[in-house]
Amino acid sequence: MSTGEPGADEVVLAARRVGKVFKTFERAPGVLGVLRNFVARKEIEVAALADIDLVIRRGETVGLIGANGAGKTTLVKILTGIVPASSGEARLLGRDSFQLTDEEKRRLALVMGQKSQLWWDLPPIDSFQLLREIYSIPEECFRERVAAFTRMLDVEDRLKIQLRQLSLGQRMKMEIIGAFLHDPEVVFLDEPTIGLDLVSRETIRGFLVKLAEERGVTFVLTSHDLEDIEETCRRIVVLDSGRVAFDGDLDGLSRRVSGQRAVEVHVDPGAQLDEARLAEVLRQHGGEVGSRAADAVTILVPAEGIRGLMPALFDALPVRDLSVERQPLEHLVREIYSSSERSGAALPRSDEVEST
Ligand SMILES: Nc1ncnc2c1ncn2[C@@H]1O[C@H](COP(=O)(O)OP(=O)(O)OP(=O)(O)O)[C@@H](O)[C@H]1O
Ligand SMILES: [Mg+2]
């Protein structure tokens, strides 16, 4: 890290009761509508965020997820000072995000999957040179980083090709390199893997994990690809219609949404199962049979019962192989959405907001 700030528990980012209401104009459809808009435009308010409380400490890797329109990009924009909050307070590196000094802005980076930060008509190496000037990166650090990052992201041989001629994945990798060149402490990545193939996504995930490990970079990543989040982030924040529906680690999410684990037990082919014994083991540990196949049985058990259940299963069955499956993040998130809908905690969606 470029600065020698102490304290791994230092708060780098804090939102307190942050709310955002966009004021916009309703557009009437059709040609007549366009004319009508000149005369009597109807102003409407879109509540994008409400009461967001969030504290992120140095070195945390946070996955920000939620459906389209949940408010992820808006939150990133508020936290980085691109747009002001309508209410509450967002602080980055100890200062109001909307009042960051140039010096503080240099300690961050923002990658937006939908927007290019590099110069479209230049080859990436020229853009990087410009960034080197802008951020006063020492020549040697610059050379080392360009070499290391292009190697890690597998784009070493693309540095001298005009950005506009690169593939989407290569371009995105260059954007990421550009964002990390000045050794930022806090990095925001808003859908950096959108539209990319699996190999590119995996390469980018590996890069982020490595940078977080080796340089202690704090990052906030949004993605609709939940595998990106699972593989790179230790903490997960789920936004649902402008509110935080969950904030914690992946295990916490599994526990909160559904404490169940699925244990898949493969037994020796053709073996006779001692059904009575299996039933007794399941009764003791609160498990139940989820499904059966030839030579395999899937057992559903509360997470806290798993420790006791495993040895008991080995005792009771001719176990050949056994695997415990955590629920995939996607299932968990779906459950979160439907449970917050049920509790009615969510804000009205923008299409439900009444005009004022
Ligand atoms: N400039 C704006 N003017 C009016 N409404 C806006 C503006 N920007 C965002 N919104 C609204 O705010 C809400 C949140 O949008 P936001 O872009 O933050 O969602 P998101 O979670 O990033 O979605 P996605 O996954 O599609 O990127 C949406 O209802 C959107 O229509
Ligand atoms: Mg977005």
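Data table
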| item | result |
| --- | --- |
| Alpha-carbon radius of gyration plus Dmax, which is the widest Cα pair, for segment 50-161 in Å | 16.9, 47 |
| Simple label model, 7 Å out from Cα along Cβ direction - residue 41 to residue 57, nm | 4.7 nm |
| Principal axis dimensions, segment 221-309 - Cα atoms, whole angstrom, descending | 53, 25, 21 |
| 25 Å Cα-Cα threshold exceeded, pairs from 20/210; 20/173; 72/105; 105/210; 20/42; 42/115 | 20/210; 20/173; 42/115 |
| Spacing of the two label points (7 Å from each Cα toward its C-beta) at residue 102 and residue 330, in nm | 4.7 nm |
| Enclosed volume per residue, in Å³, of the convex hull spanned by Cα atoms of the chain | 205 Å³ |
| Cα centroid separation, segment 32-71 to segment 107-184 (Å) | 30 Å |
| Mean separation of Cα contacts under 8 Å (6+ apart) over length of segment 259-325, as relative contact order % | 52 percent |
| Partner aspartates and glutamates for residue 23 [C-alpha distance under 14 Å; skip if fewer than 8 residues away on the same chain] | 43, 45, 351, 354 |
| Label point 7 Å beyond Cα of residue 247 along Cβ direction - residues of segment 57-80 with amide nitrogen under 12 Å | 57 |
| Viscosity 0.890 mPa s, 25 °C: Kirkwood-radius Stokes-Einstein D of segment 188-242 over Cα pairs, µm²/s | 209 µm²/s |
| Percent RCO, i.e. relative contact order, over segment 131-269, from Cα pairs under 8 Å lying at least 6 residues apart | 17 percent |
| Fraction in percent of alpha-carbon pairs per bin - 5 Å, segment 155-296 | 2, 7, 13, 14, 12, 10, 9, 8, 8, 7, 5, 3, 1, 0 |
| Gaussian network model of the chain, Cα within-10 Å springs - most flexible of 61, 218, 298 | 298 |
| Calculated [θ] (222 nm, deg cm²/dmol) that DSSP helices of n ≥ 4 give over the chain, each run adding -39,500 (n - 2.57) | -11000 deg cm²/dmol |
| Cα pair count fraction exceeding 13 Å, expressed as % - segment 116-172 | 59 percent |
| Per-selection metrics, segment 259-325 (Cα): Rg and Dmax in Å | 10.6, 32 |
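All of the numbers you see were taken from the coordinates with simple rules; none came from a lab. Computed from a predicted model, the values in this text were never measured in an experiment. For neighbour counting, all protein chains shown are included, and Cβ atoms are generated from backbone atoms with ideal geometry for every residue, glycine included.
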